[in-house]
1. Whether any residue in the stretch B:81-101 is among the polar types (S, T, N, Q) and either crowded, with 19+ Cβ neighbours inside 10 Å or more than 24 Å from C:PHE312 (Cα to Cα) (or both) is what I want to check.
2. May I ask you to say which residue of B:TRP47, B:TRP71, B:TRP85 is in contact (Cβ under 8 Å) with a residue 60 or more places away in the chain and in a helix (DSSP H, G or I)?
3. Does C:SER477 qualify as being in a helix (DSSP H, G or I), touching a Lys or Arg at 6+ places or on another chain (Cβ under 6 Å) and at pLDDT 95 or above?
4. Applying the selection to the stretch A:140-159, what residues are modelled with pLDDT of 90 or more, crowded, with 17+ Cβ neighbours inside 10 Å and over 15 Å from C:ASP247 (Cα atoms)?
5. Name the one entry in B:VAL197, B:VAL227 that is β-branched (Val, Ile, Thr), more than 15 Å from the chain's Cα centre (by Cα) and assigned to a helix (DSSP H, G or I).
6. Residues of the stretch C:361-390 being more than 22 Å from the chain's Cα centre (by Cα) and of a type in the set (Phe, Trp, Tyr), which ones?
7. Quick check on my filter: what residues within the stretch B:2-20 are within 9 Å of chain C (Cβ to nearest Cβ) and not in a loop (DSSP other than H, G, I, E, B)?
8. Considering only residues that are crowded, with 20+ Cβ neighbours inside 10 Å and away from every other protein chain (no Cβ under 12 Å), look in the stretch C:530-543 and name the one that is farthest from C:SER282 (Cα to Cα).
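The values are calculated or read from the model by the stated rules, or taken from the named source; none is laboratory data. Quantities reported herein were computed from a predicted structural model and do not represent experimental measurements. Cβ: placed from backbone, ideal geometry, glycine included. Neighbour counts: every protein chain shown.
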Amino acid sequence: MSHTDATHSNSHLQHHFVDSDQQFDSAKLGMWLFLVTEILFFGGLFVAYIVYRAWNPELFTMAATQLDTVMGGINTLVLIGSSLTMALAIRAAQTDNPSASIKYLASTVALAFVFMVIKYFEYTHKFELGIYPGEAYSFTGIDHPKAHIFFSIYYMMTGLHGIHVIIGIGIITWLIIKTRNGAFNSSYYTPVEITGLYWHLVDIIWIFLFPLLYLID
Amino acid sequence: MQRLREYLLPEQSSTVASDVDNLFMFINIIGGLLLLGITIALIYYSWKYRRKSVEDVTPVIRHNLALELTWTIIPLILIMIVFAWGFRGYMNLRNAPGDSMEVYVTGLSFGWQFTYTNGVMSGSDLYVPAGRPVKLLMQSRDVIHSFFVPDFRIKQDLLPNRYTTQWFQADKPGQHVIFCTEYCGSGHSAMMGRVIVLPENEFNDWLAAEKAKSEQELPLARLGENVFSQQGCMACHSLDGAAGIGPTMKGLFGATRNFTDGTSAVADESYLREAILISNTKVVTGYPPAMPNYSGVLSDRQVDALIEYIKELN
Amino acid sequence: MATLPVLKEYPAQEHPETHFLNHDKSLKSWLLTVDHKRIGLMYLASVIFFFFVGGVLALALRLELWEPARNFMDADTYNRIFTLHGAVMIFLFIIPSIPAALGNIFLPVMLGAKDVAFPRLNLASFYIYVGGALFTLYSMAHGGIDTGWTFYTPYSTTSGSAVISMTFGVFVMGFSSILTGMNFIVTIHKMRAPGLVWGKLPLFIWSLYATAIIQVLATPVLAITLLLLIMERTLGIGIFDPALGGDPVLYQHFFWFYSHPAVYIMIVPAFGIISELIATFSRKTIFGYWAIAFSSLAIAFIGFLVWGHHMFTSGQSELSTVVFSFLTFFVGLPTGIKILNWVATMYKGSIWMQSPMLYAIMFLFLFTIGGLTGIMLGALSVNIHLHDTYYVVAHFHYVMMGGTVFAFLGGLHFWWPKFTGKMFNELQAKIAAVILFIGFNMTFLPQFVMGSQGMPRRYYGYIEQFQTLHQYSTVGSWVLGVGFLLIFWYLVQSLRKGEAAPSNPWGGRSLEWMISSPMPPHNFDYIPVVKHGPYDYHQPIAEFRLGIDDGHSHTETKAH
């Protein structure tokens, strides 16, 4: 699609762009840049993780045993599945198939909810044990003076990731509504495509978080 | 040049000072020449090539490889000289000689405390012998502070969670001001002290006298006076009624204190004890909640002694 | 397919009846505008307001320092004021000053585009900035903040002042900066007019490009750092607080990883303005176009590797200190090359000493001092003595104020006729520039001396030996104040009854001078086509006004 025909419905073309290609390229580059900022945003937390792990390697091994690998593993599969349905939704939007697109988007939202529910059970279980972030930490099962810092990092990383999942649910729900109203077709599906990029990033961050936090031996 | 150096920099009172100063002056001279050259060019070109008419035609000069290489390579050489010189000086500043006398330094809001290896303590004033390297093992009790002696050209932050070190050797007896150079709150600029350099024999006498003092069974009020000075309390609390970062100690005992939460109380023994140990539960109106907690720092006997001493100031 | 487009000259309309300022006068059309020029103007008004606030705070500080002990405020007030002065000047004035205000107005125009790539995002980033600013004002009203603009732990986790609302405000403003940066990068990549290849970009655009890269890469790290600091205060997560097992030096690494590159967010756009001013008022091809363009990118890149030079005395390892010092000198090199390129551009030029050029010359002098004293501070052994003294204060004011503010003023005067359509009183402008120059040097030169003599910064009281120098500095601050008032006066006069500006008062060659003053609502009513570089003064001016009809048929006019 080297040259979108300009006479085709141009209702989505904003006045300051010369043509749809330029608009699409711009949106996509903008999204990539946004993803870069997201990576750096999480990067700060990864650095904190690396620094504390380098200083207290034994703590990370001990503390990781408190994290539920099965639940984390299921969540990893759930998110990978949601990335797949997201990709299929984009494909459907590109091929002028809005009903399939809605179906896949809805599955993505559903999987995201499953992820959050599992996360909810993980968090409540920890709270029952007294594993809170920061000063409220009262768990005595880990014999290390800095155990609370591991869990602070854990809560910061997974919490921030969780917020991104919730934002994703919001955006994808909005996409479902727009798709139902017939906003997207093969010549204009930019929002679906760039939301997909965002969703894959959320997925990838989790794929890093899971082994770093849960699978330490 | 000598006089310029003496104007720009404090006296050279440590063994490392002259090397630091020479580099300082070297950069000033080279920098001054560069600045002069650029300024002359700016003024000369502005006048020489001033616009004569709106139709002026200017030549197209986009590059000049020789010129560009020159002004890349010469600065490169200069900055490498500066780096190497600074590096050498820095290593010298960091590596204390093996035979250094060690002194523990504690920074606290807002004062300095020095502990000698024989147990003698001193508040605000660091006594050292002339002609001997002194290594400071430094730690902060609360926030970050920084120990700066301009006359020695030394500076190092004090951290609350680990020791940092620095060293100096002063060859001549004299007094030198200590500043705190890491911002630490209300009393930051008042967090001063002195390094008092004594001839070796006088220093030994001082150390022995202090040692003897601390071993005597002092009356409580005298012990209180010592604790008051060793803990650096006078950085914030005056003894003569003058206002400071904290209230004066003069006439404190028995006075009615008004607190920021609207309550008030009479300053009796129990109040003073609480105010020293868990200092910011009640903050006196007009003062910042700046005092560190002394719970776990002072023994019961030391607190008793401080209270006796404050009583005596009435 | 359409026939080949016809290339023809589009002369600017002089003194147009309708332009972007008056085509819709309702308040709503301003507040909800997506026009980059109007957004830029709203930014400009905001940054000037905050410059005024920060300036008044600075005058108060200087007045307090007239006396070694208390003059008219107590230590806590002083500490709050110096913190606010720093935070307001950095986060509310200088970071948005050139990119978000002047850059917003001129970047799309200089690219031959009708707007930035994401106009609504642009408006959003303005309101995010306003939101962050409101948090800052809220913190001022609720006890202020006394930690210094660096928010060092553990002081910031224990201080009783409004740390959370202040850091949250800065956190929010960070997103505004990120969004502006993203918008600019995409605009520069995707929205250039036909023929405007990378090698023909005005150097101001190159500098905004380098700045935008830093904004996008560095600001998220500030955001996460401040978020961690807020969590530290609310939940006690213990990453930075030594009382809870954390490490305060780690905070400093996090903080300076953003805040050192942020220094280049502040100064690199100024380089861009100076390139425009020197070339335009010398009416000469810029010397070393690529050297200047790439040195901005080099500074942006090396700027990420030198954050540790703020921490030579912090207790970081000696090895890191040495490495950071070594790398620091490599920022000096491209910076020096730029200065010499500018001087070489003036050689055999046709120099027209109008007020913007006067600012450029002053910039070169002041910024050279700022740069050379930076070399001084990079030298390890000397840094130990000078760190956290007034020498550092003087150094960064020479860079930030003598550099960025003088360039900002140069740019403001340069482009003033373009976006207001009015000329200002040139004589008064020159007088004000000279007053500022004298006042600036009077204020900050003594601070170099005080600093090397050992006067520490952030000091409410000081020992009497420094009083004379402090008093010189205070008098200098009043001279500066007078200079700024004069500028404010004649610019307001210019708005009220200034002579109407022609479209190209300075004889520039880049695209903004080829359209009317003030600019038309959509910048170009045609598709501009670029044939020559922006500094090709030897080419006939008619060839800089070429364009093709844009009608409504979007033919072969891809921008790249």
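1. no
2. B:TRP85 is the lone residue from the list that is in contact (Cβ under 8 Å) with a residue 60 or more places away in the chain and in a helix (DSSP H, G or I).
3. It is true that C:SER477 is in a helix (DSSP H, G or I), touching a Lys or Arg at 6+ places or on another chain (Cβ under 6 Å) and at pLDDT 95 or above.
4. Once the filter is applied, which keeps residues that are modelled with pLDDT of 90 or more, crowded, with 17+ Cβ neighbours inside 10 Å and over 15 Å from C:ASP247 (Cα atoms), the stretch A:140-159 yields A:PHE151, A:TYR154, A:TYR155, A:MET156, A:MET157, A:THR158.
5. Matching residue, one of B:VAL197, B:VAL227: B:VAL227.
6. Result: C:TYR390, single match.
7. B:TYR7, B:LEU8, B:ALA17, B:ASP19, B:VAL20
8. Filtering the stretch C:530-543 for residues that are crowded, with 20+ Cβ neighbours inside 10 Å and away from every other protein chain (no Cβ under 12 Å), the one farthest from C:SER282 (Cα to Cα) comes out as C:VAL530.
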